[in-house]
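Enquirer: Dropping a structure here in structure tokens format, bear with me for questions.
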Amino acid sequence: MTQKQNVIVSETKSEVVAQNKPLGGGYISISRKNILKKLEINGGRVNGWIENMRASSPTHPSLSQDQTSWNVHHPSALDMFDQIMESSKGKQIVMFLDYDGTLSPIVEDPDRAFMSNSMRKTVRKLARCFPTAIVTGRCKDKVYNFVRLAELYYAGSHGLDIKGPTRSSKYNKDRKGETLHFQPASQFLPMIDELYQRLVDKTKSVPGAMVENNKFCVSVHFRCVDEKKWSELAHQVKSVLKDYPKLRLTQGRKVLEIRPTIKWDKGKALEFLLESLGLAHCNDVFPVYIGDDQNDEDAFKKLRDRGQGFGILVSKFPKETSAYYSLQEPKEVMDFLQRLVEWKEVSLSAHSRV
């Protein structure tokens, strides 16, 4: 057994396992008092959670400036397609895609967030042209059942559960049959399971409340809850969370999510996947991340910090974001991905004639 860059490679098994400790350190040890103090600073505990969740909702724009002004700073990736491709010339494009609200529409029942057949065909073609990863807050196995494409990388639970392609491709042929598997928070699984059951029991009294176990994180969905009941539901979540100082809460589109307090997010997952592809330290890599929610901002910021590639926010409304470009809905995402595939095919055809 050899260890390199926090990835343990078994020399007798055909699986690469990385779950001893996350890149960037272990979990953050902070007291319950400090957690509650932090929540107060970030907006008055429950009220802060709800306001942040409203800001992440597509029906509650978080900025006062009008759509036209926002579009100047975050133009449509479709309108800017030619300029984007010009920037990527001579570089290896790597695609990172959120799932809910990006590849599938946001629906009331999270278990019915199905990807369309046309989107699946488009993503399959995309993966033939570029290394492609799904980076989602969902449980990895659940999102795989939605997508059903073995040639992709999957990063579930906000990147806390990563698995490489199980179908060989030109981008993972050097692994010689080994499958990438990375779980930096495996020690939290019993705690997450316990929290999930407690939240299910605690939130039964709120009509429409739904608690989802995403393996390394728990999601409390507000999509079917009357907005007048949001505060009550958030208080119930807080009353359970106070007993778990090693777990933290974040807000998304009508969802509160609880996950381990380790130094890991979608931005870290993006870096880890680039490392796995051997592209983390290359000047000629061009990562593209497309997502619609607050938790995708970690990836957008990471790309800005790297000075490589760009993020695309999927939203019909102005929102505070570190993404460079925007698309309005999953249909526009599919159009953008199809244009990428067509551009690649034309480029390969032109190259073969030279």
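The values are calculated or read from the model by the stated rules, or taken from the named source; none is laboratory data. What you see is a predicted model, and the numbers here were worked out from it, not measured in a lab. All Cβ positions, even for glycine, are placed from backbone atoms using ideal geometry, and neighbour counts span all protein chains on display. Surface accessibility is based on the protein's heavy atoms, side chains included, excluding ligands, DNA and RNA. Shrake-Rupley method; radii C 1.70, N 1.55, O 1.52, S 1.80 Å.
Enquirer: Determine the dipole magnitude for region 222-343: charges of +1 sit on the beta-carbon of Lys and Arg, -1 on that of Asp and Glu, nothing else is charged, the reference point is the Cα centre, and the result goes in debye to the nearest 20.
Expert: On the way: 21 positive and 20 negative charges, 106 e Å.
Dipole size: approximately 520 debye.
Enquirer: Related question: How much accessible area per residue does region 107-146 have, counting only protein heavy atoms and a probe of 1.4 Å, in square angstrom?
Expert: Working: 1720 Å² over 40 residues.
Accessible surface, normalised per residue, equals 43 Å².
Enquirer: Rounded, prolate or oblate: which fits region 97-244 when a ≥ b ≥ c are the square roots of the eigenvalues of the alpha-carbon gyration tensor, with rounded for a/c under 1.5 and prolate only if a/b beats b/c?
Expert: Oblate shape, in that a/c is at least 1.5 and b/c is the bigger or equal ratio.
Enquirer: If I take R0 = 56 Å and measure r between the Cβ atoms of His281 and Ser205 in this structure, what FRET efficiency does the formula 1/(1 + (r/R0)^6) give, to the nearest 0.05? If you can, show how the numbers build up before the last one.
Expert: Details: r = 52 Å, r/R0 = 0.93.
My answer for the efficiency is 0.60.
Enquirer: Hey, with R₀ at 41 Å, roughly what FRET efficiency would Ser239 and His181 work out to, going by the Cβ-Cβ distance, to 0.05?
Expert: The formula returns an efficiency of 0.70 here.
Enquirer: I would also like to ask the following. How much of the accessible area of region 86-127, in percent, comes from carbon and sulfur atoms when a 1.4 Å probe is used? Before the final figure, lay out the partial values.
Expert: Numbers: 820 of 1850 Å².
Whole-percent figure for carbon plus sulfur exposure: 45.
Enquirer: Pull out the extension gain between Gln83 and Val107, defined as 0.36 nm times the separation in residues minus the alpha carbon to alpha carbon distance; nm, one decimal.
Expert: Gain on stretching Gln83 to Val107: 5.3 nm.
Enquirer: With a/c under 1.5 counting as rounded, go ahead and sort region 158-280 into rounded, prolate or oblate using the C-alpha gyration tensor (a ≥ b ≥ c being the square roots of the eigenvalues; past the cut-off, prolate if a/b is larger than b/c, else oblate). Please list the in-between numbers first.
Expert: Working: a/c = 2.73, a/b = 2.36, b/c = 1.16.
In terms of gyration-tensor shape, prolate.
Enquirer: Apply 1/(1 + (r/R0)^6) to the Cβ-Cβ distance of Ser116 and Asp193, taking R0 = 30 Å, and write down the FRET efficiency to the nearest 0.05.
Expert: Values: r = 33 Å, r/R0 = 1.09.
In this case the efficiency is close to 0.35.
Enquirer: Can I ask one more? Can you tell me how region 292-354 classifies by the Cα gyration tensor, rounded, prolate or oblate, using a/c under 1.5 as the rounded cut? Numbers along the way, then the final one.
Expert: Working: a/c = 4.01, a/b = 1.74, b/c = 2.31.
Oblate.
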